[in-house]
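A.B. asks: Provided herewith is a single structure, encoded as structure tokens, for subsequent inquiry.
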Amino acid sequence: MELTNRVALVTGGASGLGSACARRFVQQGALVVIADRDAERGAALAAELGEAARFAAADVTSEAEVKAAIHTAVETFGGLHIAVNCAGVAWAGRTVSKEGPHPLDLFETVIRINLIGTFNVIRLAAAQMATNAPNEAGERGVIINTASVAAFDGQIGQAAYSASKGVVFGMTLPVARDLSRLGVRVMTIAPGIFDTPMVGLMTDEVKTSLAGQIPFPSRFGQPDEYARLAQAIIENSYLNGEVIRLDGAVRMASR
């Protein structure tokens, strides 16, 4: 599927990996709805990108708000062909710490945003894509999810985060099989350590240590490298039901 004149919904689109996708997609001729809880940054990015972009305030865990964001895509740009799930949180805490057992509400919050929010977008976006006329390859849509290397190499304190991303990995193939009859492809990217706002909160010492663990190139990934892979997935109709690690060959240590 070509990006030109296609309509994309990008969740978590106001910053980090999501904003990189929004920018790249618009550069390639797509029309983009930026969905995010951060109204200030989301609206500013949409204004920066011009008439090819719109902002929709949306919490991915809300059925009503995701439906409204999809409605914005349909009403403004005429449909929905691509959905990229970049919304997520990374909270760390040991199963048992000096303060006691892991707070259950925080575990539930991470699962709800990273996993249930991702599936909420998948199901609603796919339902809209099913109404599209197929292109010459029989495609009606493409959905890209974001897992993490933590799905495979979870570190100390990442029980909730690794669990949420591990299930995003695990549901990729069955959801792709579910949606195959509709002509909707489903892929997942598992990024390593990327230079996003979350990394910006780390000290220089921690950043240097983490970068040193990456075999090659020994640096953090750039958000546009994620966006470039998302573009390649969209454009290659034989990519379906798979998870791609994008990590510079890193395998995370226990801490």
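The values are calculated or read from the model by the stated rules, or taken from the named source; none is laboratory data. Computed from a predicted model, the values in this text were never measured in an experiment. Counting neighbours? That spans all protein chains shown, and the Cβs are built from the backbone with ideal geometry, glycine included.
A.B. asks: Residue by residue through region 120-158, note down the ones that are assigned to a loop (DSSP other than H, G, I, E, B) and either aromatic (F, W, Y) or buried (at least 21 other Cβ atoms within 10 Å of the Cβ) (or both).
C.D. replies: R140, A147, S148, F152, Q158
To keep it simple, each residue is scored yes or no on (1) exposed (fewer than 14 other Cβ atoms within 10 Å of the Cβ); (2) in contact with a strand residue (DSSP E or B) (Cβ under 6 Å, 6 or more places away or on another chain); (3) acidic (D, E).
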{"position": "A176", "(1), (2), (3)": "no, yes, no"}
{"position": "V184", "(1), (2), (3)": "no, yes, no"}
{"position": "L229", "(1), (2), (3)": "no, yes, no"}
{"position": "N240", "(1), (2), (3)": "no, yes, no"}
{"position": "G248", "(1), (2), (3)": "no, no, no"}
{"position": "R251", "(1), (2), (3)": "yes, no, no"}
{"position": "R255", "(1), (2), (3)": "yes, no, no"}
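A.B. asks: Let me ask something additional. Scan region 186-195 and tell me whether some residue there is assigned to a helix (DSSP H, G or I) and buried (at least 18 other Cβ atoms within 10 Å of the Cβ).
C.D. replies: no
A.B. asks: Identify all residues within region 203-254 that are within 16 Å of the chain's Cα centre (by Cα) and basic (K, R); write none if there are none.
C.D. replies: R228, R245, listed by residue number.
A.B. asks: Another one. Is it true that some residue in region 87-106 is surrounded by fewer than 23 Cβ atoms within 10 Å (Cβ to Cβ) and within 21 Å of V184 (Cα to Cα)?
C.D. replies: Checking region 87-106: not a single residue is surrounded by fewer than 23 Cβ atoms within 10 Å (Cβ to Cβ) and within 21 Å of V184 (Cα to Cα).
A.B. asks: I need every pair where a residue in region 235-246 that is modelled with pLDDT of 95 or more has its Cβ under 7 Å from the Cβ of a residue that is surrounded by 14 or more Cβ atoms within 10 Å (Cβ to Cβ) and part of a loop (DSSP other than H, G, I, E, B), sequence separation at least 6 or different chains.
C.D. replies: Note: pairs meeting the criteria are E235/M1; S237/M1; S237/E139; V243/A147; L246/G192.
A.B. asks: Considering each residue of region 205-246, count those that are aliphatic (A, V, I, L, M), in a helix (DSSP H, G or I) and touching a helix residue (DSSP H, G or I) at 6+ places or on another chain (Cβ under 6 Å), and give that number.
C.D. replies: Result for region 205-246: 2.
A.B. asks: Pick from A87, A92, A83, A147: which is over 19 Å from E242 (Cα atoms) and at pLDDT 95 or above?
C.D. replies: Step by step, each of A87, A92, A83, A147 is checked, and only A87 is over 19 Å from E242 (Cα atoms) and at pLDDT 95 or above.
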